[in-house]
């Protein structure tokens, strides 16, 4: 447990070392650096390389020997992603009596059949629905 915490801290410190040296170089850098600025840039580059090397080495050690193990990071995820929309069965009214509850279908024997669902269920179409909604729909006989 202590080694895992130590390597976690080293990794954390190396990340901040990389970021800190990049910020320092950005502050020091100018088009015509003096000798002193050039030596500071060299020092920043040196510490950047050290921090980046520590970051990579400690990162690989954490992946392979500490934390969750390499199987956690390198296992294949085989999730299913469906890129196409599922097919939809849409009922497109083709006859004017469809809005009155008459449903037409092709039976298993290939014969066109019709059934009035409203009379089979004993229901009627709500007059408010007929006047406010069904009257707005286009006549299905018109193509």
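The values are calculated or read from the model by the stated rules, or taken from the named source; none is laboratory data. Just so it is clear, the structure is predicted and the values come from calculations on it, not from any experiment. Cβ sites come from the backbone with ideal geometry, for glycine too, and all protein chains shown count toward neighbours.
Of all the criteria given as (1) under 30 Å from residue 75 (Cα atoms); (2) surrounded by 12 or more Cβ atoms within 10 Å (Cβ to Cβ), the one not satisfied by residue 20 is (1).
Every residue, every condition in (1) more than 39 Å from the chain's Cα centre (by Cα); (2) assigned to a loop (DSSP other than H, G, I, E, B); (3) at pLDDT below 85, yes or no:
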position: 33; (1), (2), (3): yes, yes, no
position: 48; (1), (2), (3): no, no, no
position: 61; (1), (2), (3): no, no, no
position: 68; (1), (2), (3): no, yes, yes
position: 82; (1), (2), (3): no, yes, yes
position: 89; (1), (2), (3): no, yes, yes
position: 113; (1), (2), (3): yes, no, no
position: 120; (1), (2), (3): yes, no, yes
position: 129; (1), (2), (3): yes, no, yes
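Report yes if residue 38 is at pLDDT 85 or above, out of contact with any strand residue (DSSP E or B) (no Cβ under 7 Å at 6 or more places or on another chain), within 24 Å of residue 3 (Cα to Cα) and not in a loop (DSSP other than H, G, I, E, B), otherwise no. In short, no.
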